[in-house]
Amino acid sequence: MDDIRTIEIKREILADNAHAADAFRSARKTEGTFMIDVMGSPGAGKTTLLLALIERLREKGLPQVGVIEADLESDVDALKIKEAGVASVELNTKGTCHVEMGMVEKAFAAFEGEAFDYLFLENIGNLVCPAEFDTGCHTRVMLLSVPEGYDKVYKYPPMFAVVDALVVTKSDYLPTNPDFDMPALQEAACALNPALEVFVVSARTGEGMEKLVHWVQASHERALA
Ligand SMILES: Nc1nc2c(ncn2[C@@H]2O[C@H](COP(=O)(O)OP(=O)(O)OP(=O)(O)O)[C@@H](O)[C@H]2O)c(=O)[nH]1
Ligand SMILES: [Mg+2]
């Protein structure tokens, strides 16, 4: 049995994906498009936060904004974004639990040359698989909502380790969720990822949004410098 050859398919797929992601990221930089990958569990508040964020970015100027809405099925979120007057493309993965570069390239092409200052990717609602795949964005953000519980940092460490920012969403639930241990979350997350930025926000009340918008704008400037 010594001559059995092992083909490391997963490693090859990830390497090919990373290569394509680097090229895509660099092309968007040249065009002046800043891309953010927004990840988190189903229902963590990704679409709601994007709408609140885009509204505030627009109040500060008139940036061109687009959103790639990835879902296993349905165009519910893409329609919500479109109804807010924002360019959107639905990326329907038909059951695949993450987004990879071939999908991002196709979704981007569907904008047919439209130019953007900010292009957001709402990734598939999933705390596991999306962490593994580079989507060619300049910045990666994960959302963790208060009702999910702070202990997700112990159960799903890879995503906390790869993102640039952790956004704790639905902070308006904190008074009714006294067991949400924010210091323990911050300590564990920063141990996994010492450069991690942490924000605590509520898209419903607006708490913490100003600080997050400021960081997004600063990240945009840094990435395209
Ligand atoms: N109380 C409260 N509810 C929120 C907040 N943000 C979002 N929600 C609610 O949480 C639910 C899920 O929000 P979505 O924005 O659809 O979450 P999502 O992460 O995009 O969900 P998927 O795309 O299905 O993965 C909705 O009922 C929102 O109204 C918030 O800051 N506070
Ligand atoms: Mg959504």
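Annotations
- Here residue 46 fulfils each of the conditions (1) at pLDDT 95 or above; (2) basic (Lys, Arg); (3) away from ligand 2 (no atom under 16 Å from the Cβ) apart from (3).
- Filter pass, residue 43 being in contact with a Leu (Cβ under 8 Å, 6 or more places away or on another chain) and either part of a loop (DSSP other than H, G, I, E, B) or farther than 28 Å from residue 158 by Cβ (or both): no
- Residue match in the stretch 73-84 (condition: within 18 Å of residue 216 (Cβ to Cβ) and either without any contact (Cβ under 8 Å) to a residue 12 or more places away in the chain or in contact with a strand residue (DSSP E or B) (Cβ under 6 Å, 6 or more places away or on another chain) (or both)): yes
- Those residues of the stretch 53-76 which are more than 14 Å from the chain's Cα centre (by Cα) and either closer than 17 Å to residue 108 by Cβ or part of a loop (DSSP other than H, G, I, E, B) (or both), in sequence order: 60, 61, 62, 63, 64, 65, 72, 73, 74, 75
- Selection status of residue 26, away from ligand 2 (no atom under 16 Å from the Cβ) and either surrounded by 19 or more Cβ atoms within 10 Å (Cβ to Cβ) or modelled with pLDDT of 95 or more (or both): yes
- Residue match in the stretch 39-62 (condition: crowded, with 17+ Cβ neighbours inside 10 Å, of a type in the set (Val, Ile, Thr) and in contact with a Phe, Trp or Tyr (Cβ under 7 Å, 6 or more places away or on another chain)): no
- Within the stretch 50-76, being at pLDDT 95 or above, under 20 Å from residue 135 (Cβ atoms) and within 12 Å of ligand 1 (Cβ to nearest atom) holds for 50, 53, 67, 69, 70.
This table checks each residue for (1) surrounded by 17 or more Cβ atoms within 10 Å (Cβ to Cβ); (2) over 23 Å from residue 172 (Cβ atoms); (3) at pLDDT 95 or above.
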| residue | (1), (2), (3) |
| --- | --- |
| 184 | no, no, yes |
| 194 | no, yes, yes |
| 202 | yes, no, yes |
| 222 | no, yes, yes |
| 225 | no, yes, no |
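- Residues that are in contact with a His (Cβ under 8 Å, 6 or more places away or on another chain) and either surrounded by fewer than 16 Cβ atoms within 10 Å (Cβ to Cβ) or not in a helix (DSSP H, G or I) (or both), drawn from the stretch 78-130: 117, 118, 123, 124, 126
Listed here are the residues, each with its yes/no results for (1) within 19 Å of residue 36 (Cα to Cα); (2) more than 13 Å from the chain's Cα centre (by Cα).
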| site | (1), (2) |
| --- | --- |
| 127 | yes, no |
| 160 | yes, no |
| 173 | no, yes |
| 176 | no, yes |
| 181 | no, yes |
| 196 | yes, yes |
| 218 | yes, yes |
| 222 | yes, yes |
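- Condition check for residue 180: surrounded by 15 or more Cβ atoms within 10 Å (Cβ to Cβ), modelled with pLDDT of 95 or more and either farther than 18 Å from residue 215 by Cα or of a type in the set (Val, Ile, Thr) (or both): yes
The values are calculated or read from the model by the stated rules, or taken from the named source; none is laboratory data. Source: prediction; values computed, not measured. Because the Cβ atoms are built from the backbone with ideal geometry, glycine has one as well, and the counts that use them run over all protein chains shown.
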